[in-house]
Amino acid sequence: MLKYLGVALAALAAALCPAAAQNYPNRPITVIVPYAAGGPVDTVARIVAVRMSELLGQQMIIENAGGAGGMTGTARAAKAAPDGYTVLLSGSAVLSQVPQLYAKPLYDPVKDFEHAALFNDSARVLIVRKYFPANNWAEFAAYAKANPNKVQYGSAGMGSGSHTCSILIDMTLGVTLTHVPYRGAGPAMQDLIAGRLDFIPEQISTATPQIKGGTVKPIVTFGTERAPGLENVPAAPELGLKGLDCGAWGGFSFPKGTPKAIVDRLSKATSDAIDTPLIVERYKGIGVIVPSKDRRSPEYFTKFVQSEIARWSVPIKASGMKIQ
């Protein structure tokens with residue numbers, strides 16, 4: 001009897017999915033950003049959320065939930081009701097890096113989510129405090145190697161993208177520099193500007209305004225080629241630095257069990273939003289790239305997350321780091 005009841009309920013849910021999607025959304029959607037306000041993830045979220053609110057006819061409300069390198073907010077999103085009204089602003093750190101760095105991760109990036117849409121790519125740039133005694137990679141490397149116990153870097157938290165990128169820098173230099181974790185990129189940037197930190201491998205979106213304002217200095221970008229808006233800053237491959245590709249990407253992910261029709265609805269709205277000329281221009285102004293159309297579907301994003309987990313497993317295992 002229970003078996004037949006389960007089949008009947010599953011069939012009913014499947015039948016209701018198209019109707020639910022047709023009426024979706026009929027109330028505001030909460031977007032959990034797993035970092036503090038003012039950081040690169042938060043900045044991109046607010047840019048795209050405004051246009052998506054217009055397209056969906058309901059407001060997308062940003063809710064910042066920082067902590068544990070993004071794991072706190074991500075775990076909260078994973079445990080939310082799978083009704084389409086809570087969505088995670090997911091990304092490279094919280095999906096492909098954090099779960100591998102922590103000994104007891106609070107979620108599974110594959111099993112606990114329905115990945116809806118990839119909506120931005122961004123390289124990172126190594127920025128140093130204004131009066132740091134280095135102006136290029138060679139000088140930076142020499143100083144760091146000579147002063148490994150003195151050089152301090154900031155990150156958005158243990159296991160965050162800026163932290164894992166710094167692990168790659170350590171491995172490249174053959175030293176272990178001092179890590180100072182924060183509850184988001186914004187507070188870390190404030191301390192770098194104030195001269196209390198030496199460097200941050202920051203996303204270009206939040207680093208560019210400070211670079212142009214002269215409050216920090218750029219050393220090198222960590223991507224396959226020179227970044228938009230920072231064409232005068234060399235990319236790592238030009239300097240013979242292999243394995244320093246630690247660019248960031250962002251997307252939307254629902255809790256597991258969210259109806260496919262709703263996932264597809266948000267995916268389409270996301271794609272339409274980032275095709276808006278104003279969004280494209282704002283992205284360009286902060287060094288963020290709009291993914292090509294073939295990279296925006298839920299199917300692509302799901303496979304992409306799995307491939308990124310595999311890619312990051314190599315340096316993370318080699319580092320021997322496990323956060324308790």
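The values are calculated or read from the model by the stated rules, or taken from the named source; none is laboratory data. Note that this is a predicted model, so its numbers are computed, not measured. Neighbour counts are summed over all protein chains in view; Cβ atoms, including those assigned to glycine, are modelled from backbone coordinates with ideal geometry. Accessible surface areas use protein heavy atoms only, side chains included; no ligands, DNA or RNA. Shrake-Rupley method; radii C 1.70, N 1.55, O 1.52, S 1.80 Å.
Let's see how each residue does on (1) under 16 Å from W249 (Cβ atoms); (2) within 14 Å of the chain's Cα centre (by Cα); (3) open to solvent by less than 30 Å² (accessible area, probe 1.4 Å); (4) modelled with pLDDT of 95 or more:
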residue: R51; (1), (2), (3), (4): no, no, no, yes
residue: Q58; (1), (2), (3), (4): no, no, no, yes
residue: Q97; (1), (2), (3), (4): yes, yes, yes, no
residue: A116; (1), (2), (3), (4): yes, no, yes, yes
How about region 137-161: which of its residues are under 26 Å from the mean Cα position of the chain (by Cα), open to solvent by 50 Å² or more (accessible area, probe 1.4 Å) and not hydrophobic (A, V, I, L, M, F, W, C)? Q152
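Would you confirm, using the coordinates I've provided, whether G240 is small (G, A, S) and open to solvent by 20 Å² or more (accessible area, probe 1.4 Å)?
Spelling it out, G240 is indeed small (G, A, S) and open to solvent by 20 Å² or more (accessible area, probe 1.4 Å).
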Residue hits (region 26-84; assigned to a helix (DSSP H, G or I) and either of a type in the set (K, R) or on the phi > 0 side of the Ramachandran plot (or both)) are R46, R51, A68, G69, G70, R76
I'd like the full set of residues that are open to solvent by less than 10 Å² (accessible area, probe 1.4 Å) and either modelled with pLDDT of 95 or more or in a strand (DSSP E or B) (or both), limited to region 180-219. L192, L197, F199, I200, P201, E202, V216, I219
Quick one: how many residues across region 130-154 are touching a Ser or Thr at 6+ places or on another chain (Cβ under 9 Å) and touching a residue at least 60 places away in the same chain (Cβ under 8 Å)? 1
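Results for (1) under 22 Å from R46 (Cα atoms); (2) among the aromatic types (F, W, Y); (3) open to solvent by 40 Å² or more (accessible area, probe 1.4 Å); (4) not in a loop (DSSP other than H, G, I, E, B), shown as yes or no for each residue.
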residue: P228; (1), (2), (3), (4): yes, no, yes, no
residue: N232; (1), (2), (3), (4): no, no, yes, no
residue: W249; (1), (2), (3), (4): yes, yes, no, yes
residue: G257; (1), (2), (3), (4): no, no, yes, no
residue: V263; (1), (2), (3), (4): yes, no, no, yes
residue: L266; (1), (2), (3), (4): yes, no, no, yes
residue: S271; (1), (2), (3), (4): yes, no, no, yes
